[in-house]
Amino acid sequence: MKIYRPKIVQEIRNYYGEAIRHTAFPQIQEHLTVLANMLYDGILSGNDYLLAEISNYHPLQLGEPIAELKKANLDLTDCQWTIACEYGYKSWEDVLDLRKTEYNRPFEEAIDQLLDGNINELKNIIQSHPNVLTTSSQHGHKATLLHYTASNGVELWRQQVPMNLPEITTYLLSMGVSKWKLMNVYGSQYDTMTLLKSSLHPYKAGIGKEMEALFT
């Protein structure tokens with residue numbers, strides 16, 4: 001399946017590799033700790049793409065140019081805060097509170113299959129675990145499967161667009177998922193349609209208008 005993946009998303013995925021996936025670590029706190037440490041190591045090694053992650057999520061560095069971030073003397077605490085915010089938490093302390101909390105693996109796998117455009121595998125997961133249709137993420141943003149179709153407001157590495165996304169979205173809607181459920185992002189709460197309209201990725205992929213039509 002052809003997937004539209006912005007360069008920054010591709011570079012982030014290349015850097016973290018399999019460590020970004022829920023299968024790497026069973027517990028959420030352990031997983032995000034590894035990612036924060038990797039982010040810090042990457043910044044120390046001069047990976048400018050990771051500075052874009054800081055610019056996208058660090059509350060005190062939002063929109064900051066890469067050139068300025070290079071001079072910011074970022075430390076591990078900055079990286080922890082960035083990862084926490086990327087996953088929808090307000091602070092690193094919120095992540096630490098998740099000790100011993102294990103991932104909802106069927107839900108996480110459903111997200112991965114959705115974003116990889118594997119509609120048959122997604123259907124199989126839903127058939128075996130129908131509750132994923134009404135589940136919200138364990139992460140602070142509380143995104144549903146449908147929210148991930150907007151390619152906006154969720155983890156940066158997951159902001160990609162499979163070209164069969166309209167078909168997948170149509171299927172999810174036919175299964176009764178709510179168009180109006182809200183996720184926590186950008187300091188407020190938004191439904192999928194609102195996030196979709198402000199997302200560049202589906203439009204750059206050439207399917208933005210087709211996606212919009214599914215919500216009207």
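The values are calculated or read from the model by the stated rules, or taken from the named source; none is laboratory data. Model, not experiment: these values are computed from the prediction. Backbone-built Cβ (ideal geometry, glycine too); neighbour counts: all protein chains shown.
Within the group 49, 4, which residue is in contact with a helix residue (DSSP H, G or I) (Cβ under 9 Å, 6 or more places away or on another chain), modelled with pLDDT under 95, aromatic (Phe, Trp, Tyr) and not assigned by TED's automatic domain parsing to the domain that holds residue 122?
Working: 4 fails: modelled with pLDDT under 95.
Every option except 49 fails the conditions.
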Out of the residues in the stretch 76-107 meeting the condition of being of a type in the set (Phe, Trp, Tyr) and assigned to a loop (DSSP other than H, G, I, E, B), tell me which one is surrounded by the fewest Cβ atoms within 10 Å (Cβ to Cβ).
103
Looking only at the stretch 137-158, decide whether some residue is part of a helix (DSSP H, G or I) and of a type in the set (Asp, Glu).
no
Here are some conditions: (1) without any contact (Cβ under 8 Å) to a residue 40 or more places away in the chain; (2) aromatic (Phe, Trp, Tyr); (3) assigned to a helix (DSSP H, G or I). Residue 25 meets all but one. Which one does it not meet?
(3)
Of the residues that sit in the stretch 16-70 and are surrounded by fewer than 13 Cβ atoms within 10 Å (Cβ to Cβ) and of a type in the set (Gly, Ala, Ser), which one is nearest to residue 105 (Cα to Cα)?
17
Counting only residues that are touching a residue at least 24 places away in the same chain (Cβ under 8 Å) and surrounded by fewer than 20 Cβ atoms within 10 Å (Cβ to Cβ), give me the helices (runs of 4 or more DSSP H) lying completely in the stretch 160-216 with at least 3 of them.
165-174
